[in-house]
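Peer 1: One structure follows; several queries about it will come next.
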Amino acid sequence: QALPVLFKHWLKNEEVEEGGTAMLYCELTKPDASVEWRKGGLVLQPSDKYEIRQEGTRVELFIYDAEAQDA
């Protein structure tokens, strides 16, 4: 039976000036695990606004041109 994927490093609050780029990341216990980034109930998809990167156990979300509603 496979062990569940857990967080080794939890998300931390990130402050960025309006118009800047925020970078959020987490680290998991298993490499290449499937991850969904969400804002409320909405699953974020890669776009001009959001970039999602995953390498091994590290997963990153970049939020470009940050605005107050991105909080």
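The values are calculated or read from the model by the stated rules, or taken from the named source; none is laboratory data. It should be emphasised that the depicted structure is a prediction, and the values quoted were computed from it without experimental measurement. Using ideal geometry, Cβ is built from the backbone for each residue, glycine included, and neighbour counts are taken over all protein chains shown.
Peer 1: Let me confirm something: among ILE63, ILE52, which residue is touching a helix residue (DSSP H, G or I) at 6+ places or on another chain (Cβ under 6 Å) and at pLDDT 95 or above?
Peer 2: Of the residues listed, the single one that is touching a helix residue (DSSP H, G or I) at 6+ places or on another chain (Cβ under 6 Å) and at pLDDT 95 or above is ILE63.
Peer 1: Next question, about the same structure. Can you tell me which residue is surrounded by the most Cβ atoms within 10 Å (Cβ to Cβ) among those in the range 9-53 that are in a loop (DSSP other than H, G, I, E, B) and acidic (Asp, Glu)?
Peer 2: Top of the filtered list is GLU14.
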